[in-house]
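Colleague: Handing you this structure, nothing more for now.
The values are calculated or read from the model by the stated rules, or taken from the named source; none is laboratory data. Everything numeric here is computed off the predicted structure, so don't read it as measured data. With ideal geometry, Cβ positions are generated from the backbone for all residues, glycine too; neighbour counts draw on all protein chains shown. The area values use the complete protein model at the heavy-atom level, side chains included, leaving out ligands, DNA and RNA. Shrake-Rupley method; radii C 1.70, N 1.55, O 1.52, S 1.80 Å.
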Amino acid sequence: MTRVGLITNPRSRHNRAGDFIRRVAEFDDLPRAEPQTTAELVEALADFRRRGVRVVAVSGGDGTLREVLTALPATYDGEAPDIALLPAGKTNLAARVVSQAGEGVAGLRRLLDAARGGALTRVEWPVLDIVWRDAPERRVRGFLFGAAGFAAGTQIANSHIHRAGFHNATAVALSIAATAASTLFGSRRRALLEGEDMTIGVDGAFERSGRRFLTMATTLNRLILDLTPFWGEGAKPIRWLDIPAMPPRLLAALMPTLRGRPHPWMIDAGYASGRADEMVVEMTRPFVVDGELFDPGPRGILLSAGQHVGFVAP
């Protein structure tokens, strides 16, 4: 029997009413925690390890998963458990693309039954490991990195779209539409098109410098709504997209970019994508990892994807 422990984010959208937390009290022998801080999360995971937990079920969204993935190396010391996702957040990208056990108590019950019966299915997936170059001890692990216009779109989603009650695929579609409208027609049009000063190094041998309109990277093979805004050959784990500031014919390029099928004129105009083992990104303004903004520090960040994490589901 594989022992399961449960981490619940009580602030996640589906958990705020408290019904899920109340109902999991029925599972008397289930190690569980509702950490409010990073320190409480680390303590909970350390307790899970002492109690022999080999599957950490996460009831939350992409941000909760990011925090768990970031805390695991220190708490499990090279013997990482598998992850089971019980999606309860605003977007739940990882659960949609990688694997999920199901939602709520029903998903948890299916997971526990499969764990008892040895019937869990498992996939391994590379995760982004993002390290601050001026402070290598500081890092965050997740799936989706974005900067410049991507960060602007995240701020639009957080400040307007999610607060209006739109989530998951609907929120992503509205975020894309709102960002495109702001870029093409809004009062911030010029500022968004002019982008941000950045320098991007890919595998130590390739630099893209200057103002960037949008930059993003992920280890996922697709995004929500089955969007695949990446192209380029190879098997390296990181997929990246970079669009320079003042991108020509942006409206005409939007759908080919989202589908990962650029026209030849787009390549000539600087729309670029590829695969990488690692990337260095120097910037001065905040970037996004799985929905949260982070300050880049004075020397920027290093992205790599050398570690794989196991995800299980019934």
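Colleague: Return yes when Ala94 is closer than 27 Å to Gly18 by Cβ, small (Gly, Ala, Ser) and either modelled with pLDDT under 95 or crowded, with 21+ Cβ neighbours inside 10 Å (or both) and no when it is not.
Modeller: Details: closer than 27 Å to Gly18 by Cβ: yes; small (Gly, Ala, Ser): yes; either modelled with pLDDT under 95 or crowded, with 21+ Cβ neighbours inside 10 Å (or both): yes.
For Ala94, the condition - closer than 27 Å to Gly18 by Cβ, small (Gly, Ala, Ser) and either modelled with pLDDT under 95 or crowded, with 21+ Cβ neighbours inside 10 Å (or both) - is met.
Colleague: Right, another one. How about the stretch 50-62: which of its residues are over 21 Å from Gly102 (Cβ atoms) and either open to solvent by less than 90 Å² (accessible area, probe 1.4 Å) or free of Cβ contacts under 8 Å to residues at least 24 places away in the same chain (or both)?
Modeller: Just the residues of the stretch 50-62 that are over 21 Å from Gly102 (Cβ atoms), to begin with: 50-52.
The answer is Arg50, Gly52.
Colleague: I've got another one for you. With open to solvent by less than 40 Å² (accessible area, probe 1.4 Å) and more than 25 Å from the chain's Cα centre (by Cα) as the only criterion, which of Ala269, Ala245 stands out?
Modeller: Numbers: Ala245 fails: more than 25 Å from the chain's Cα centre (by Cα).
None of the other options fit; the residue is Ala269.
Colleague: Taking the stretch 67-79 as the region of interest, how many residues are open to solvent by 60 Å² or more (accessible area, probe 1.4 Å) and over 19 Å from the mean Cα position of the chain (by Cα)?
Modeller: 4
Colleague: Enumerate the strands (runs of 3 or more DSSP E) found wholly within the stretch 220-314, keeping only those where 1 or more residues are in contact with a Ser or Thr (Cβ under 9 Å, 6 or more places away or on another chain).
Modeller: Ranges flagged: 238-244, 272-276, 278-283, 287-289, 292-294, 308-313.
Colleague: Just for the stretch 1-46: of the residues that are small (Gly, Ala, Ser) and within 24 Å of the chain's Cα centre (by Cα), which one is nearest to Ala84 (Cα to Cα)? Spell out how you get there, then give the answer.
Modeller: Of the stretch 1-46, the ones small (Gly, Ala, Ser) are 5, 12, 17-18, 25, 33, 39, 44, 46.
Pick out the ones that are also within 24 Å of the chain's Cα centre (by Cα) and you get 5, 12, 33, 39, 44, 46.
Details: Gly5: 10, Ser12: 16, Ala33: 15, Ala39: 22, Ala44: 16, Ala46: 18 Å.
Among those that are small (Gly, Ala, Ser) and within 24 Å of the chain's Cα centre (by Cα), it is Gly5.
Colleague: In the stretch 96-137, which residues are of a type outside the set (Asp, Glu), more than 23 Å from Glu26 (Cβ to Cβ) and free of Cβ contacts under 8 Å to residues at least 60 places away in the same chain?
Modeller: Pro136, the sole residue that qualifies.
Residue by residue, here is whether (1) closer than 23 Å to Leu93 by Cα; (2) open to solvent by less than 10 Å² (accessible area, probe 1.4 Å) holds:
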residue	(1), (2)
His14	yes, no
Val24	no, yes
Asp28	no, no
Ala39	no, no
Asp47	no, no
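Colleague: Still on this structure, please answer the following. For the stretch 109-124, name all the residues that are touching a strand residue (DSSP E or B) at 6+ places or on another chain (Cβ under 6 Å) and open to solvent by 30 Å² or more (accessible area, probe 1.4 Å).
Modeller: Leu120, Thr121, Arg122, Val123, Glu124
Colleague: Oh, and also: Mind counting the residues in the stretch 211-222 that are farther than 16 Å from Ala147 by Cα and open to solvent by 10 Å² or more (accessible area, probe 1.4 Å)?
Modeller: Within the stretch 211-222, residues that are farther than 16 Å from Ala147 by Cα and open to solvent by 10 Å² or more (accessible area, probe 1.4 Å) number 2.
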